[in-house]
Each structure stands twice: as C-alpha cells, then as structure tokens.
Amino acid sequence: MEKSSYRIPSLDGLRTISILLVIAGHWLHVLGYPSDGNLGNLGVRVFFVISGFLITGLLIKELEKTDRIDLPKFYFRRTLRIFPPYYFYLLVVGAMALAGAILIPPKSFLAASFYVSDYVNPSAWLLGHTWSLAVEEQFYLIFPTVLLVFGLRKTKLLLGLLIVVCPLLRLADFQIFGDSAIWVMKGFHANMDALAAGCLLALFYKRLHGNPLYRRMLGSKLVFLLIPAILLANAQVDHPRIFLGLSFTVINLSTAVLIDWAVTNHETMAGRFLNSAPMVTLGMMSYSIYLWQQPFFNPQNPGALTRTPLNFIGLAAMTVFSYYFVEKYSLRLRQRLEKRFFSKRERRPAEIELPAAETA
C-alpha cells in the first residue's frame, strides 16, 4: 500500500469502474429493460469496500505516526470533503421542488438532509441514491471512535464478527419485513460487512503481504477468477436469501482482494489501465458523478433530460460544475483552514491515545 500519499491512483480507477456500473444499471432502466442485473448495487458495494480500506488506512497511518487519532481534524476533513457537493445537490433539488418543477416529499428531503435515508425510504427518485451516502457518513461518524475505544486487536475481532453476523441480520430482516423495507438491503447494519471487508484489508495488509502463499496468489492470474465469482454472486438477485446471505459476502471479500491486487500490481496491463489518466480523472470526479447521475438516468420520469445522448451531456456538464466549482473549491478551503487551525495545534482531550498494548 502506498503510504506516502493520500491518493492511490489505481483506486481512482476502481472508482471509475464502480460509477460506470451505477450509470449502466440506471441507464438500462431508462431504456426499458426489466432488470439491470443489479449493476448499481454492485458498483455501490465496491465503493463501500474502497471506503473501508482507505479510511482505515488513513487512521492506521496517523496511529503509527502519532499514537493517537485527532478526531476534530478527522471530522473537519470529512465534512469539507463530503458536505459541500452533497448539500449543493440538495439545494438544487430543493429549489426545483419549491418551484413546482419536481415533486419531493418533505419526509424524503429531510431524511436525505440528515443522512438517514438508509432507514427512511426516499420515495423520490432524485434522492434515491442518498441511502449509500448515508451509510458512508454513518461509518465515518462511528468507526474512528470504535477504533479508539476498542483498540486495533479488538477492532479486528469486531470487524471479523461483522463479516459473519451481517448476512444473518439481512436474512432475519428479510424474513420479518420481506423486501419492502429499505433497511433490509440498504440500512447501515446491512452494509457493515462491506465496509468491514475494506477495513480488515487495511488492518491485515502487512501480515497478508508477509505471507508467501498469499503474495503468490495475488501475483497470479488466478486472482481474476474473482471477477466472474462476483458477477455470478451479483446475478442471484432473484434468489433473495442467497443474494442477501452468501452473495454479498462473496462480493465483499472478493472485492477486497481485487483492491489489494490493484494497489500492488501497477506494472501489469490491467494495472496500467487502472492508473491511466482517464480512469484516474473520472475516479477523482466519481463523487460528483454519483450525485448528479440520478436526474439524468431517471426511469420513473423519462423526458428530454433522460434521452441519450442528452443525459450524458447533462451529466457531464453538472459533474464538471460540481467538481471544479464546488468540490475542488471546498478542498482548497479545507487545506487553508487545516493549516490555520490544525498544523500546530496542541494535543487536546479529543485526541485520544490508544493503550500501548493495543497498538500492535
């Protein structure tokens, strides 16, 4: 893992693949296909595993360097990374709703505004994708504190337990509520194992790469057999008990291994492709793309904006505006404020130290 940089280019390439899966799934719906092969779900789950891996890697890096995690700084950085593009999107959607151009139930808008749409069904399509952002935000809020309270060893055990327990929770939810309740597949508790898979990869990274058998497997072409395994697992959507149980686990763990492959095999043809300028650029813009693809690939209300190629042109225009004038501006602002308030900040009570025995 490249610990010298906050960005890992090949992961931006994987983000590009993820967002293309989401767009492909929604586009197929717009074109009238009865099933999209659940491509959108697959793309989102890849995002979850990547997030778990990256956030845990950053936290481990800070622990190794300082023996503590600066919670105010962590939440400050996450806030200025996530909130401006997100609330800009909500502002535009809310303004359109107030103008009568679209219908957005107040309950849905409030749920999206407070990052709880993974439990409160956002009945409006334009807010339908906010559930995954709610899951990620809840992860950002909870996981650093879990790591601080339990320490590395107990956190590893807890995350391993989630890999086993989460499929059972999904199956129990399905048995009780059927597939009508949003939290059965989209609730935070239903997706903790995807995040946990990425977290565990970061936590066991050194140990895994110290294992000769694992390194040989990761360097062989056998690792690419995980791709058809993921696609086969994802195709079980018509068999909900298999899908919610075994399929999600196969997708999560296989994706984690492929992420590991991506960050350690830059010299291969596939590695060079993931690290190519177009893939990295689109990956860096994937957050804005994800936010703005929803209006232009709307199967519930087809119109001029959802027709090809106008939908792709509209998405490109809004993505460029959001990325360069909202997202990048907020990141520059974050950098300036971080230097001002955090560069020489003295240790405060919120900077909790882990016990020495737990840092191994």
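Table: residues versus (1) at pLDDT 95 or above; (2) surrounded by fewer than 21 Cβ atoms within 10 Å (Cβ to Cβ); (3) in a helix (DSSP H, G or I).
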residue	(1), (2), (3)
THR16	yes, no, yes
LEU20	yes, yes, yes
SER35	no, yes, no
VAL49	yes, no, yes
ILE55	yes, no, yes
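What's the number of the condition TYR214 fails, among (1) over 22 Å from ASP260 (Cβ atoms); (2) surrounded by fewer than 19 Cβ atoms within 10 Å (Cβ to Cβ); (3) aromatic (Phe, Trp, Tyr)?
(1)
Can you find a residue in the range 296-312 that is over 30 Å from ILE102 (Cα atoms) and either modelled with pLDDT of 90 or more or part of a helix (DSSP H, G or I) (or both)?
No; the residues of the range 296-312 include none that is over 30 Å from ILE102 (Cα atoms) and either modelled with pLDDT of 90 or more or part of a helix (DSSP H, G or I) (or both).
Out of (1) out of contact with any His (no Cβ under 8 Å at 6 or more places or on another chain); (2) in a helix (DSSP H, G or I), what's the single condition that is false for ALA101?
(2)
How many of the residues making up the range 320-360 are among the acidic types (Asp, Glu) and at pLDDT 95 or above?
First pass over the range 320-360, keeping only residues among the acidic types (Asp, Glu): 327, 338, 346, 351, 353, 358.
Checking which are at pLDDT 95 or above leaves us with 327.
Residues in the range 320-360 being among the acidic types (Asp, Glu) and at pLDDT 95 or above: 1 in total.
Against the condition crowded, with 16+ Cβ neighbours inside 10 Å and not acidic (Asp, Glu), how does ALA111 come out, does it pass? If you could, list the steps in order and put the result at the bottom.
Values: crowded, with 16+ Cβ neighbours inside 10 Å: yes; not acidic (Asp, Glu): yes.
Here the answer is yes, as ALA111 does meet what is asked.
Since PHE88 meets every condition but one in (1) farther than 25 Å from THR155 by Cα; (2) not in a helix (DSSP H, G or I); (3) not small (Gly, Ala, Ser), which condition does it not meet?
Every listed condition holds for PHE88 apart from (2).
The values are calculated or read from the model by the stated rules, or taken from the named source; none is laboratory data. These numbers were taken from a predicted model, which means no experiment stands behind them. Don't worry about glycine lacking a Cβ; one is built from the backbone with ideal geometry, like all the others, and counts go over all protein chains shown.
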